[in-house]
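Colleague: Next up is a structure, given as structure tokens.
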Amino acid sequence: MMSSTLIPNDRRRLLALFGGAAALTLAPLRGWSLDADQARGLISTALGEVYQVINSGQAPAQMYRDFEAIFVRYADVDVIARSALGPAARQADPAALARYTQAFQGYIGRKYGKRFREFIGSKIEVTGARPLKSFFAVTSVAYLNGRAPMEVEWHVSNKSGRDKFFNIIIEGVNMLASERAEIAAMLTARRGDLAALTADLQAAG
């Protein structure tokens with residue numbers, strides 16, 4: 001999904017493993033009801049499920065469905081989809097926006113699921129968590145076969161009412177910026193037609 005001109009290949013592959021995310025300015029959390037251990041636990045659990053799918057030996061179509069389900073469970077899909085869409089999200093009809101969000105979710109599962117086999121035998125270790133602005137930053141290190149370790153930071157919030165991640169930073173590369181550029185380019189190519197973008201996302205992959 002990311003252009004190789006924007007992100008080095010190893011980072012692009014790692015970004016593709018985890019899907020799109022949203023860098024929003026979040027309102028302060030009420031009473032820090034989410035703590036560092038919970039944020040760290042969320043990412044550890046999500047990664048465990050990701051690697052179960054990667055190493056399951058299932059048919060590709062089933063892997064894509066499983067990855068989409070993991071994305072829905074642990075990522076703030078509504079926030080991510082809206083942020084990827086950018087200003088157009090504020091102008092969209094609610095029903096049209098809901099259809100786009102559903103299509104975006106499936107697109108993420110199929111598009112990124114195709115990368116799964118590249119990560120067999122690799123691992124990501126969660127190393128810590130700290131409060132950052134109005135959310136928690138969970139730090140981790142990715143150990144990929146034959147490549148230097150890479151630092152990965154996950155941004156976790158409970159603004160939606162549940163603990164969810166909404167952005168990923170890989171060695172300073174903001175995933176949202178890449179996702180947002182990609183969706184913006186697709187929408188521009190369709191002359192701002194959200195329905196056409198939604199239909200193409202549904203058919204992609």
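The values are calculated or read from the model by the stated rules, or taken from the named source; none is laboratory data. Note that the structure is predicted; figures quoted are calculated from it, not measured. When we count neighbours, we look across all protein chains shown, and the Cβ atoms used for this are built from the backbone with ideal geometry, even at glycine. For accessibility, only protein heavy atoms count, side chains too; no ligands or nucleic acids. Shrake-Rupley method; radii C 1.70, N 1.55, O 1.52, S 1.80 Å.
Colleague: For segment 193-205, how many residues meet the condition of being of a type outside the set (A, V, I, L, M) and either free of Cβ contacts under 8 Å to residues at least 24 places away in the same chain or not in a helix (DSSP H, G or I) (or both)?
Modeller: The total comes to 3.
Colleague: Scan segment 51-68 residue by residue and report those that are surrounded by 13 or more Cβ atoms within 10 Å (Cβ to Cβ) and aliphatic (A, V, I, L, M).
Modeller: 53, 54, 63
Colleague: I'm trying to understand the selection: among the residues of segment 77-123, which are hydrophobic (A, V, I, L, M, F, W, C) and farther than 14 Å from residue 179 by Cα?
Modeller: 88, 89, 92, 95, 96, 97, 98, 103, 116, 119, 120 - these are the residues of segment 77-123 that are hydrophobic (A, V, I, L, M, F, W, C) and farther than 14 Å from residue 179 by Cα.
Colleague: Scanning segment 173-192 for residues that are surrounded by fewer than 13 Cβ atoms within 10 Å (Cβ to Cβ) and not in a loop (DSSP other than H, G, I, E, B), which turns out nearest to the chain's Cα centre (by Cα)?
Modeller: The extreme case among them is 185.
Colleague: Restrict the check to segment 107-125 and report whether at least one residue is within 30 Å of residue 194 (Cβ to Cβ), among the small types (Gly, Ala, Ser) and open to solvent by less than 20 Å² (accessible area, probe 1.4 Å).
Modeller: yes
Colleague: Ok, one more. Quickly run through segment 112-162 and pick out the residues that are in a strand (DSSP E or B), among the hydroxyl-bearing types (Ser, Thr, Tyr) and under 16 Å from the mean Cα position of the chain (by Cα).
Modeller: Residues satisfying the conditions are 139, 140, 157.
Colleague: Restricting the search to segment 75-110, which residues are aromatic (Phe, Trp, Tyr) and either at pLDDT below 95 or farther than 24 Å from residue 159 by Cβ (or both)?
Modeller: Those that are aromatic (Phe, Trp, Tyr) and either at pLDDT below 95 or farther than 24 Å from residue 159 by Cβ (or both): 104, 107.
Colleague: I need the full set of residues from segment 148-195 which are out of contact with any His (no Cβ under 8 Å at 6 or more places or on another chain) and aromatic (Phe, Trp, Tyr), in order please.
Modeller: Answer for segment 148-195, where residues must be out of contact with any His (no Cβ under 8 Å at 6 or more places or on another chain) and aromatic (Phe, Trp, Tyr): just 154.
Colleague: Separate question: List the number of the failed condition for residue 48; all other conditions in (1) surrounded by fewer than 16 Cβ atoms within 10 Å (Cβ to Cβ); (2) at pLDDT below 90; (3) in a helix (DSSP H, G or I) hold.
Modeller: Result: residue 48 fails condition (2) only.
Colleague: Let me ask another. Which residues, taken from segment 156-172, are over 15 Å from residue 78 (Cα atoms) and either buried (at least 19 other Cβ atoms within 10 Å of the Cβ) or touching a strand residue (DSSP E or B) at 6+ places or on another chain (Cβ under 8 Å) (or both)?
Modeller: 168, 169, 170, 171 - these are the residues of segment 156-172 that are over 15 Å from residue 78 (Cα atoms) and either buried (at least 19 other Cβ atoms within 10 Å of the Cβ) or touching a strand residue (DSSP E or B) at 6+ places or on another chain (Cβ under 8 Å) (or both).
Colleague: Could we say that residue 74 is of a type outside the set (A, V, I, L, M, F, W, C), under 23 Å from residue 131 (Cβ atoms) and surrounded by 14 or more Cβ atoms within 10 Å (Cβ to Cβ) here?
Modeller: yes
Colleague: What number of residues within segment 137-151 satisfy the criterion of being open to solvent by less than 10 Å² (accessible area, probe 1.4 Å) and either closer than 13 Å to residue 39 by Cβ or at pLDDT 90 or above (or both)?
Modeller: 3
Colleague: Further, regarding this structure: How many of the residues making up segment 90-106 are open to solvent by less than 40 Å² (accessible area, probe 1.4 Å) and closer than 22 Å to residue 68 by Cα?
Modeller: 8
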